[in-house]
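What follows is one structure encoded as structure tokens, with my remarks underneath.
Every read-out reported here was derived from the displayed coordinates using simple, explicitly stated rules and does not represent laboratory data. Predicted model, so just to flag it, every value in this text is computed and none were measured. So basically every Cβ, Gly included, is an ideal-geometry build from the backbone, and we count neighbours across all protein chains shown.
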Amino acid sequence: MSAHDAANRLEAHLQEVGLKPGDRLLPERQLTARLGISRRALREALGEMELQGRIWRGVGQGTFMGPKPATARRATPAAKASHPLAIMEARMTLEPAMASLAAIKATATDIAEIARSAGRGAETRDQESWGLWDGAFHGAIARACHNPLLLAAFEAIEASRALTDWGRLRAAITTKPMRQASALEHQAISAAIAARDAAAAQRVMRAHLQSVHLAIQSEEAGWNDMPEPRDQDADGHATPVKSAERTAPRRISRP
């Protein structure tokens, strides 16, 4: 059965039962039996609906109709105050290890979903679509670890991105060449996970995130929120750095 047919069956079922925003869908095992479709086809259909904001999935909670409520993001004060570079540091600490674990624990369905997200991301032609499939790709890897604690940490970082000026930042750094390079990196990560090569998956994910980190640094994104630099005068007292010195561009060359 094609993914399109599976999506049609799911749509018909949802209309028949009349679920409203906030209502929980049946577990995947029951849905596949009721609709007569494979779990892989079901997950593809659910993934499309999630990208469209029509459903959301919670760790250990299930799948719900409607967009993910703000309270479900569990944003902490620290997340609200996170600087984009601090977010990237957290991602570079967590996600390479998750890619390595996914290479060990991912099911065949997980691997197919990771590959599908990477492929769909490579097909995008605009920043908005790229952002959706980029998130789907990284989320698929997080879920493939089958570890609720790691998935919760990943979702906390994702929530912090939503509370920063990430939209403007994405527009600044996700140029067409950057998207093309990232798409190739996604496919390399996907291939390493499919090959069960944990070391390669970790290495390629780290390199991918480092390229994003460098792009953020080179654009000087979010530096306005950093503390004002201070020098010392001849008497040893701290003095603010002159605004001309403070605003001088600091460019980091890309590899």
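A few points about this structure:
- Each residue of the stretch 3-71 gets 82 Å³ once the volume of the Cα convex hull is shared out per residue.
- Net charge dipole size for the stretch 3-71 [Lys, Arg +1 and Asp, Glu -1 on Cβ; Debye, nearest 20]: 220
- Rounded if a/c under 1.5, otherwise prolate or oblate - the stretch 141-211, Cα gyration tensor axes: oblate
- Backbone N within the stretch 27-44 under 17 Å of label point (7 Å from Gln15 Cα along the Cβ vector): 35
- The stretch 74-224, dipole about Cα centre (Lys/Arg Cβ +1, Asp/Glu Cβ -1), debye to the nearest 20: 140
- Enclosed volume per residue, in Å³, of the convex hull spanned by Cα atoms of the stretch 74-224: 93
- Taking amide hydrogens as placed 1.01 Å from N in the peptide plane, the amide H of Leu25 sits under 5 Å from those of Thr63, Phe64, Met65, each at least 5 positions away in sequence or on another chain.
- Stretched out straight at 0.36 nm per residue, the stretch from Glu28 to Glu48 would grow longer than its current Cα-Cα span by 5.7 nm.
- Estimated vicinal HN-Hα couplings, Hz - the stretch 137-150 in sequence order (Karplus 6.51, -1.76, 1.60; Gly, Pro = x): 5, 5, x, 4, 5, 4, 5, 5, 6, 6, 9, x, 5, 5
- Nonlocal amide H pairs with Ile55, under 5 Å, H built at 1.01 Å: Glu50, Gly66
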